[in-house]
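Colleague: What follows is a structure written as structure tokens; I'll ask about it next.
Laboratory data are not the source of any read-out in this text; all were calculated from the coordinates shown. What you see is a predicted model; the values in this text were computed from it and never measured. Positions of Cβ are generated from backbone atoms using ideal geometry, with glycine treated the same way; all protein chains shown enter the neighbour counts.
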Amino acid sequence: MRRVRPGRLLLAGFAVLVCVFLQLPLLIVFPISFSSAQYLQFPPPGWSLQWYERYLNSPNWLTPTWLSLKVAMATTALSLLLGVPLAFGLTRARFWGRDAIEKLSMAPIIVPTIVLSIALYGLFANLKLIGAWYGIAIAHTLLALPFVVVVVVAGLRDFDVNQELAALGLGASRWRAVWHVTLPQIRPSLVSAAFLAFISSFDELVVAMFLGGANMTLPKKMFDNIRMEIDPTIAAISALQIVLVSALLALAARFGRGGGMPGR
Amino acid sequence: MAAQEVRDADLRVDGVAKRYGAVVALGGVSLSVAAGEFLTILGPSGSGKTTLLKVVAGFEFPDAGRVTVGGADITDVSPAKRNIGMVFQNYALFPHMSVARNIAFPLQMRGVPKSEIDRRVIQAMALVELQGYGERLPSQLSGGQQQRVALARAVVFDPTLLLLDEPFGALDRKLRESMQLEVRRLQRRLGLTTVFITHDQEEALVLSDRIAVMDGGAIRQIGAPDEIYDRPADDFVAQFIGESNLLVGEIAAPDRVVLDGGTSVTVRGLDGGHGRVRLLVRPEKMAIDSATNRFTGTIVEAVYLGEAHKLRVKVAEGVELLVRGHRAVPTGARVTVGFAPEDAHVIRGAG
Ligand SMILES: Nc1ncnc2c1ncn2[C@@H]1O[C@H](COP(=O)(O)OP(=O)(O)OP(=O)(O)O)[C@@H](O)[C@H]1O
Ligand SMILES: [Mg+2]
């Protein structure tokens, strides 16, 4: 018989509470999105799919959605392209000022987003990047980079460098050693980094407001909608977003497992 | 992997030095390994063994010195172009690749055609007796099996040199012994020039053509196993390899040494020198009721080892002698022990 200790019980209880707290919004948002009422009303008086239909048939909603997806994907690609080599440099190379650079790469997290947005607005206005989708993607890359660097640096610190040396000794060039041996083994970190970069952009409001010009990203459109008209479309969109993020998480879990270690 | 393909190559290391900040990992090491020879580097932890191997393999660039293989200076050659097989201290198998893909890796990197890769991988797996394990992942193998995969991967591409960094450190005693024999068999069969690292002196004595004893980034002595064991160059080597009795004294006559306790002993090999010396007498050369060089004392410890008895005999305050023999003597008994003049090895110089 295993004895159940009171400490464990308390911890389990606390964990359940936290989970419930985190799930509560879902319990409200999902029912409302299927509401037959014309206003935000809880509990809904009846059920219908009208809000999903309205969303899927409205270019006013779909255009911002595509824009946000495009920006998020570009941000993911860019921040990985920049962040992964940076993480390699920070973990492998020994050079003067390395720690300073590592701390500096966290700066976008520390600087308030509003301040960053104003600064970027000034810069992008000169560069004629306001209103361009890739302008937003570049700004989002700045915000996503710290997450990518932190996650990939952690992955590389755990990785046994001897593996890469072994690959070199067996005849691989530096590139092929990284490609065939290192990257597959830090795949969980890469997948997490990509996921974080995508979500951080897809969900971002402040920078998009400043730099979007007439172009609206999905969060901006949702924000405007709430200010102007409030109808349950927004609940339907939230529900869809939650489904998308969960699907991405599931994919990340599926493809982000440690390389070659089934049953672990 | 046919024997005729294996090139004979000798390894020369000339004055190789390497420091990490203030730590001198290698302080000007020179050694040479003949083609087909099995050299073991033996030394305590931190003595610079791995660093030396990394310099030879090309993973560390030396601050000074050259490395030559088969007459060609490879000091500036990248590790990928050195064609050296290495087994790492922790194997460094690629955990995301199957056994077969691990072994195929060096061949793929060399652009060997697919059909030939398959053939050579099968051959290499047979060589280390791992037929049928090709599809497994390293995590699904025992320690000894992983070791053999690492070995197969290190020899499948016909390297000019094989480097092994404490390959058996993680294995239990029995597996260790069988792997030792296997490595030696493989090395002889392929005629590979091999440098093997260990800090286990028994392993070094069993396996090697020659042993290099390292300490503090320098080689203390290099020679055949019996030479290292019977005629160590200094105290460090004497004490690091096997058990030893070291008697300190002053040369008094061409064949006599007066020990610091006042006892006078007869020895050979003083060669008319003078000054202070240390005499090394191995425990198995110490005998109870010896006819010469006798010491009387009390047994303070008696251990039965199975094939022999080990006795610790206190002959004076602070002086204890180790004796290894076939006679069982109880603790507390008074005995006389001693050694023959030809069984003492003379170590000169201050210690
Ligand atoms: N990358 C490094 N940075 C700093 N010091 C190092 C580095 N590699 C080795 N050293 C130091 O150099 C010395 C020799 O290390 P080395 O790894 O060659 O020892 P070793 O003989 O292989 O020891 P062990 O038997 O424990 O493996 C040690 O003092 C070690 O701390
Ligand atoms: Mg070592």
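Colleague: If you restrict to DSSP beta bridges whose two residues both lie in chain B, what percentage is antiparallel, to the nearest 5?
Modeller: Here the share of antiparallel DSSP bridges comes out near 75 percent.
Colleague: Something else: Under a straight-distance cross-link criterion of Cα-Cα below 23 Å, which lysines are reachable from A:LYS220, leaving out those fewer than 8 residues away in the same chain?
Modeller: Within reach: A:LYS70, A:LYS128.
Colleague: What do you get for the angle between helix B:143-155 and the principal long axis of chain B? Use alpha-carbon atoms, 0 to 90 degrees, nearest ten.
Modeller: Taking the Cα atoms of chain B, the angle to B:143-155 is about 70 degrees.
Colleague: Among A:GLN241, A:VAL151, A:ALA37, which residue has its Cα furthest toward the positive end of the charge dipole of chain A, with +1 on Lys/Arg Cβ and -1 on Asp/Glu Cβ?
Modeller: Value: A:VAL151.
Colleague: Name the aspartates and glutamates eligible as straight-distance cross-link partners of B:LYS49: C-alpha to C-alpha under 14 Å, and not fewer than 8 places from it in the same chain.
Modeller: Leaving aside aspartates and glutamates fewer than 8 places away in the same chain, those within reach of B:LYS49 are B:GLU60, B:ASP165, B:GLU166, B:ASP200, B:ASP215.
Colleague: What size of dipole, in debye to the nearest 20, comes out for the range B:223-351 about its Cα centre when the only charges are +1 on Lys and Arg C-beta atoms and -1 on Asp and Glu C-beta atoms?
Modeller: Dipole of the range B:223-351, to the nearest 20 debye: 340 debye.
Colleague: Let me ask something else. Between the range B:150-170 and the range A:138-178, what is the C-alpha centre distance in whole Å?
Modeller: 26
Colleague: Check B:GLN221: other-chain or 5+ apart residues with amide H under 5 Å from its amide H, H built from backbone geometry?
Modeller: Placed amide hydrogens put B:VAL213 under 5 Å from B:GLN221.
Colleague: Something else now. B:LEU161's amide H: which non-local residues (gap 5+, or another chain) put their own amide H closer than 5 Å, with H modeled 1.01 Å from N in plane and none for Pro or chain starts?
Modeller: Long-range HN contacts for B:LEU161: B:GLY85.
Colleague: Given the options B:GLN140, B:GLN180, B:GLN221, state which has the largest fluctuation in a GNM of chain B using a 10 Å cut-off (strictly under) for Cα springs.
Modeller: Comparing B:GLN140, B:GLN180, B:GLN221 in the GNM, the peak value goes to B:GLN140.
Colleague: Which one of B:ALA72, A:LEU49, B:ALA308 has its Cα pushed farthest toward the positive end of the charge dipole of the protein assembly as shown, where Lys and Arg give +1 and Asp and Glu give -1 at the Cβ?
Modeller: Result: A:LEU49, furthest along the dipole toward the positive end.
Colleague: Work out from phi, with θ = phi - 60° and the Karplus expression 6.51 cos²θ - 1.76 cosθ + 1.60, the ³J(HN,Hα) of each residue of the range B:104-109, listed in order in whole Hz, and give x for Gly and Pro.
Modeller: Working through the residues one at a time gives 6, 3, x, 6, 4, 5 Hz.
Colleague: Right, here's the next one. Work out the charge dipole of the protein assembly as shown with +1 on the Cβ of Lys and Arg and -1 on the Cβ of Asp and Glu about the Cα centre, then indicate which of B:GLY325, A:VAL18, B:ILE41 is farthest towards its positive end.
Modeller: A:VAL18
Colleague: Quick check: the angle from helix B:173-190's long axis to the longest principal axis of chain B, C-alpha only, nearest 10 degrees?
Modeller: 60
Colleague: I'd like the distance separating the alpha-carbon centroids of the range B:48-103 and the range A:64-86, in whole Å.
Modeller: Spelled out, the Cα-based centre of one part sits 39 Å from the other.
Colleague: I need the shape label for chain A. Rule: rounded when a/c is under 1.5, else prolate if a/b > b/c, else oblate, with a, b, c from the alpha carbon gyration tensor.
Modeller: oblate
Colleague: Next question. With θ set to phi - 60° and the Karplus curve 6.51 cos²θ - 1.76 cosθ + 1.60, what are the ³J(HN,Hα) couplings of the range B:312-323 in order, to the nearest whole Hz, using x for Gly and Pro?
Modeller: Values, residue by residue: 10, 10, 8, 9, 7, 4, x, 10, 10, 10, 9, 10 Hz.
Colleague: What's the center-to-center distance, using Cα atoms, between the range B:173-240 and the range B:263-313 in Å?
Modeller: With the range B:173-240 and the range B:263-313 each reduced to a Cα centre, they are spaced 26 Å.
Colleague: Give me the dipole magnitude in Debye, nearest 20, for the protein assembly as shown about the Cα centre, with unit charges on the beta carbon: positive for Lys and Arg, negative for Asp and Glu.
Modeller: With only Lys, Arg, Asp and Glu charged at Cβ, the dipole is about 1340 debye.
Colleague: Next up: On C-alpha positions alone, give me the angle between the axis of helix A:218-228 and the longest principal axis of chain A, in degrees, nearest 10.
Modeller: Long axis of A:218-228 versus the principal axis of chain A: about 30 degrees.
Colleague: Non-local amide H neighbours of B:ILE41 (under 5 Å, H modeled in plane, Pro and chain starts lacking H): which ones?
Modeller: Result for B:ILE41 returns B:PHE196, B:ILE197, B:THR198, B:ALA212.
Colleague: Using a simple charge model, +1 on the beta-carbon of Lys and Arg, -1 on the beta-carbon of Asp and Glu, nothing else, what dipole does the range B:2-237 show about its Cα centre, in debye to the nearest 20?
Modeller: Rounded to the nearest 20 debye, it is 840 debye.
Colleague: Other chains near B:93-99: what is the mean number of their Cβ atoms within 10 Å of each residue's Cβ?
Modeller: The shielding value for this peptide is 5.
Colleague: Enumerate the calculated ³J(HN,Hα) couplings along the range B:253-269 in order (Karplus 6.51 cos²θ - 1.76 cosθ + 1.60, θ = phi - 60°), each rounded to whole Hz, writing x wherever the residue is Gly or Pro.
Modeller: Listing the rounded values in order: 8, x, 10, 10, 10, 9, 6, 4, x, x, 5, 9, 10, 9, 9, 9, x Hz.
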